[in-house]
Structure formats: C-alpha cells, structure tokens
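Report on one structure; see the data block that follows.
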Amino acid sequence: FDQFGGNETLGLVHVSPRVLYRANGERMEFKLQPVPGKTAAEVPGYLAIRCRRATAYDKTFMEGIQSSRKAIAAPKLPKSQGNVIKSIVTKTSKIENGVKKFKVRPGPDP
C-alpha cells in the first residue's frame, strides 16, 4: 500500500556542482536527508543518479530532438467554427425510411 501522495516531498539531497562536473557515467547514490519537520528515521531512501559530460553525438542528437519538437509542439489547428462544447453535446437527428437516426459523437468503450 502506497503511503505517498502526488507531488509529496520524500526528502532532500544536496549534490555539489563539482560532483556532477566530475561524474563519468557511473551510478552515484545519495542518502535522502529529512525535510524540515521530519526525523532521519522517517526518510529511509536514497537518490541514485547517473550522469556524464555530453559527447559530440549527444549534442547533435539533442539538436535533432529540439528541431523535431518545434515541428510537433506547434501544430496549426483550424479555427473553431462555433461552440465546441455545444457541438459535442448537441445530437442531430434525421428520419430515413421511416426510421429516426441520431448522429452522436462516439464515447469511450465501457
């Protein structure tokens, strides 16, 4: 059973910039320190990170990601022709061969 909620602070870790600068890709573990108002016994966890300096390949890869995100992040959507909520809620019907048919938007599967 999970005792933690969303966006809850589990503990604090201070990592100096020098440690990150000298990192070589190996796993580093840091003991979580208690947040104000908690004791060390209430913070049984660790933070594990792995980092290294970016290589030339990493830099070109990230440039490609950045350019592809720009294309995806700003899609050109058509302007709304009316009230979107009304178009979702409103049902239209027509009589075809003596049968009344309703035109509705599909919903999720149950």
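Miscellaneous remarks
- Selection count, the range 38-61, where residues are in contact with a strand residue (DSSP E or B) (Cβ under 7 Å, 6 or more places away or on another chain) and not β-branched (Val, Ile, Thr): 4
- Among the residues listed as PHE61, PHE102, the single one being part of a helix (DSSP H, G or I) and modelled with pLDDT of 60 or more: PHE61
- The residues of the range 1-24 that are open to solvent by 90 Å² or more (accessible area, probe 1.4 Å) and at pLDDT below 80, listed by number, are PHE1, ASP2, GLN3, PHE4, ASN7.
- Every pair of residues 6+ apart whose Cβ atoms lie under 7 Å, when the first sits in the range 41-53 and is farther than 11 Å from LYS31 by Cβ and hydrophobic (A, V, I, L, M, F, W, C) while the second is modelled with pLDDT under 80 and open to solvent by 100 Å² or more (accessible area, probe 1.4 Å): none
The values are calculated or read from the model by the stated rules, or taken from the named source; none is laboratory data. As the structure is a computational prediction, the values presented were derived from the model and not from experiment. Note that each Cβ is placed from the backbone with ideal geometry, even for glycine, and that neighbours are counted across all protein chains shown. Ligands, DNA and RNA are excluded from the accessible area calculation, which covers all protein heavy atoms including side chains. Shrake-Rupley method; radii C 1.70, N 1.55, O 1.52, S 1.80 Å.
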